[in-house]
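Here the structure is laid out as structure tokens; the discussion comes afterwards.
The values are calculated or read from the model by the stated rules, or taken from the named source; none is laboratory data. The structure displayed is predicted, hence computed values, not measured ones. Don't worry about glycine lacking a Cβ; one is built from the backbone with ideal geometry, like all the others, and counts go over all protein chains shown. These accessible areas exclude ligands, DNA and RNA; they are computed on the full protein's heavy atoms, side chains included. Shrake-Rupley method; radii C 1.70, N 1.55, O 1.52, S 1.80 Å.
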Amino acid sequence: MMESEVSWVPVLLPALLLLLCQLSCAARPSPSTIVVPGPAPAAAARDSVAAAASDAGPPPTTTPATSASSEPPANTSHAHTPAHTPPTVLEDASLSVPKLVRKYGYPLETHVVMTDDGYVLTLHRMPHGRTDSDSDDINSNRVRSLRKSLRRAARSRTAFTSTGIKRKRGIGRQGGRAVLLLPGMFCSSAVWIIMGPKKGLAYLLADAGYDVWIANPRGNRYSMGHVEIPSSDEKYWQFSWHEMGEFDVPAVLDYVTAITDQERVPVVGHSMGNTMMMVMGSLRPEYNRLVAVHVALAPTVYLQHAQSPILKGLAALAPTVSTLSAMLGVHGLRPTLPLNEALKQLCREEAVVTQRICKNAAFMLLGFDPEQLNATTLPVVMGHIPSGGSTRTLLHYAQSFTSGDFRQYDLGVKRNLVRYGQPTPPAYNLSRVDFPVAIAVGENDWLDSMEDVQRIVKVLPNIVDFYRVPWPKFNHMDHLFAIDVKELEYDHVMEVLERFS
């Protein structure tokens, strides 16, 4: 299917969202009537750097991390006061990851990696903490050379790694302990940094002396390349988290261990990042030795007891969605700046009605936790999410919910027989995942229920830590964006990494 045949998708959707935003903004008082609240109180200093750096905007709704109560704060003096979204928030929503990291004074390198099946991935690296000078993008222009290397290796059978380069250790090492971060579905490296210094895990790790590597799986805006297939071709999008685990993670581990001269690296994953790790450990156990420890934040593996109404609806409609996808030639959510710009505008504080829609839509999918949501940062989140991905990735999760098992992608009986030699897709053998696994889970996660997580614990052979976040409403995305995520979770993550680094 040609690009022009599906171009209406990224055009009409942003237009519709912008129309909703304009209608919402028109229903509220004009800017001249807005009463801007005073400076945020000291208690709000824990908010994200984007909101804290602003001179305007209401104090975020927050509850101390040590509190066991699920009741909202009593102070609601500004509950009905309209507010402007701070300009720095809107700027952060529009900046690319490299520009955003450098804006806050941190170094950022861009590295290019190639998988065994020809996908070109981008790695973002923060080699150390805040600095006055930027690092060079030492590997940002290597796509062509990597393509040549991979093709040459195929012809000559030279011993190349899955990155398409010879395994030369120590290149670019800058002394820190390497750690790899894996994002979730339709997300990019941005999710680990958009909450800013003192809040984003990538910044916290860099400040603690780690050499931080952040992966971008195939199909997101930073990893749209392939050695032969253009992204406009439907063949490009014939992947799910299965291929990401089988090819993307091994390629990234090969590259990071080679560049940093480390035999093993710790890995922190969120949601689909953990799914990919389980697939890799099951299908390619030879790579388990490269993982020092896997810290799984919201380990999305079994979905049998998921409570999300949106996931349940998707599972019920999965056959229809699959058929429509094939008929319309829409095989992936292509990352488009107009779409993210529309979502950013939709979720601004000025757009009172539509911002409420933004919050409730997220809660319906992930679980309700209004106390830990800083609404001021919603435009930043929606400016970077979604970052692109395949339709098959979403459908694979729907299949997991329907079957209650952790299996490869169901192609239908006939194609299953051709590909797998059996009418149903084979289950992943999680007993082969023998690297150390540390699990962190929230009680109010509507995707990763406690029952399903306990099932993972019973199957995996090397669980080294099990952490229940001490906040009763902690949901799926709170692992990334909660106001008190550092105190509630990241301090513990740092302790686990210290044990295995």
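Looking at (1) at pLDDT 90 or above; (2) among the hydroxyl-bearing types (Ser, Thr, Tyr); (3) more than 25 Å from the chain's Cα centre (by Cα), which is the only condition residue 188 fails?
All conditions pass for residue 188, except number (3).
Kindly indicate whether residue 411 is modelled with pLDDT of 90 or more, outside any helix (DSSP H, G or I) and surrounded by fewer than 17 Cβ atoms within 10 Å (Cβ to Cβ).
Against the criterion (modelled with pLDDT of 90 or more, outside any helix (DSSP H, G or I) and surrounded by fewer than 17 Cβ atoms within 10 Å (Cβ to Cβ)), residue 411 qualifies.
For region 200-227, how many residues are in a strand (DSSP E or B) and within 12 Å of the chain's Cα centre (by Cα)?
3
Pick out the one residue from 332, 383 that is open to solvent by less than 20 Å² (accessible area, probe 1.4 Å), farther than 23 Å from residue 444 by Cβ, within 19 Å of the chain's Cα centre (by Cα) and at pLDDT 75 or above.
383
Find the residue count for region 274-293, including only residues that are in contact (Cβ under 8 Å) with a residue 40 or more places away in the chain and either in contact with a Leu (Cβ under 9 Å, 6 or more places away or on another chain) or of a type in the set (A, V, I, L, M, F, W, C) (or both).
Residues in region 274-293 being in contact (Cβ under 8 Å) with a residue 40 or more places away in the chain and either in contact with a Leu (Cβ under 9 Å, 6 or more places away or on another chain) or of a type in the set (A, V, I, L, M, F, W, C) (or both): 11 in total.
So if I check each of 448, 434, which one is charged (D, E, K, R), open to solvent by less than 30 Å² (accessible area, probe 1.4 Å) and part of a loop (DSSP other than H, G, I, E, B)?
448
Mind checking which pairs have a first residue in region 215-230 that is over 15 Å from residue 98 (Cβ atoms) and a second that is surrounded by fewer than 24 Cβ atoms within 10 Å (Cβ to Cβ) and hydroxyl-bearing (Ser, Thr, Tyr), Cβ under 7 Å, 6 or more apart or different chains?
224/231; 226/236; 229/236; 230/236
Among the residues in region 300-311, are any within 30 Å of residue 495 (Cβ to Cβ), in contact with a Leu (Cβ under 9 Å, 6 or more places away or on another chain), in a helix (DSSP H, G or I) and at pLDDT 95 or above?
Checked against the condition, which is being within 30 Å of residue 495 (Cβ to Cβ), in contact with a Leu (Cβ under 9 Å, 6 or more places away or on another chain), in a helix (DSSP H, G or I) and at pLDDT 95 or above, region 300-311 yields no hits at all.
Please determine whether any residue of region 432-449 is free of Cβ contacts under 8 Å to residues at least 60 places away in the same chain and either more than 17 Å from residue 488 (Cβ to Cβ) or basic (Lys, Arg) (or both).
Looking through region 432-449, none of the residues is free of Cβ contacts under 8 Å to residues at least 60 places away in the same chain and either more than 17 Å from residue 488 (Cβ to Cβ) or basic (Lys, Arg) (or both).
Can you tell me how many residues within region 342-377 are farther than 18 Å from residue 85 by Cβ, modelled with pLDDT of 80 or more and open to solvent by less than 20 Å² (accessible area, probe 1.4 Å)?
So the count comes out to 3.
Taking the criterion of being in a loop (DSSP other than H, G, I, E, B) and either among the aliphatic types (A, V, I, L, M) or within 15 Å of residue 187 (Cα to Cα) (or both), would at least one residue in region 230-246 satisfy it?
Yes, because at least one residue in region 230-246 is in a loop (DSSP other than H, G, I, E, B) and either among the aliphatic types (A, V, I, L, M) or within 15 Å of residue 187 (Cα to Cα) (or both).
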